[in-house]
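First the structure, in the form of structure tokens, and then the observations on it.
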Amino acid sequence: MALIKCDECGENVSDKAKSCPNCGAPVSTFATDKPPAELPENEIHRQKEFNPWDVTGEYVIIDKVRASYFKSAINVDWGRAYLTNFRIVFCGESGNLMKLAAVPVFAVMTASAFPKIHLQILLKDILSVEEKRYGFSKKTVFNTTDGKRYSLQLDDSASWKARLAEFGIIWP
């Protein structure tokens with residue numbers, strides 16, 4: 001089962017449903033004619049803030065999971081990770097604490113409706129996935145077609161493992 005976005009109200013709806021449970025629009029009218037592999041990559045790469053509804057046919061599968069992105073052995077970003085039918089997106093939270101500590105009203109006024117993207121990996125570019133020990137927990141390493149390795153520590157990695165398997169991405 002996959003989730004698709006209702007064209008009328010934006011609600012996530014099962015692709016098996018006949019109509020949107022929120023507004024009643026028929027599922028057959030949703031913009032599902034483009035498979036994820038054909039989504040325009042330039043729409044993905046131009047985004048500075050995570051807004052999946054800005055990309056035709058993209059929908060969120062796993063939303064706002066607490067995560068860490070290991071830039072290096074000593075440099076770690078904390079934030080939230082998202083899984084869509086097209087990509088993995090990590091949005092960091094760096095800088096928010098300083099704004100909040102300095103001037104709380106300024107932090108609220110300058111907050112964006114969409115989180116800032118620190119990292120994104122297109123699902124089609126993932127070659128393999130590994131789990132590595134990191135202290136008492138594990139981090140997940142995504143190896144991509146361009147030779148890069150992205151290390152993420154994901155809360156609820158079992159859900160990620162199951163959902164990514166639906167796209168043919170398997171890790172031990």
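Here is how the numbers come out for the structure above:
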quantity: Efficiency of FRET from Cβ geometry, Y134 and C23, R₀ 35 Å, rounded to 0.05; calculated: 0.20
quantity: Rough spin-label spacing in nm, given labels placed 7 Å along Cα→Cβ, for N51 and T145; calculated: 2.8
quantity: Simple spin-label estimate for E41 and N12 in nanometres, 7 Å along Cα-Cβ; calculated: 2.6
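Since every read-out is calculated from the coordinates, none of them should be taken as a lab result. No experiment lies behind these values; they were computed from the predicted model shown. So basically every Cβ, Gly included, is an ideal-geometry build from the backbone, and we count neighbours across all protein chains shown.
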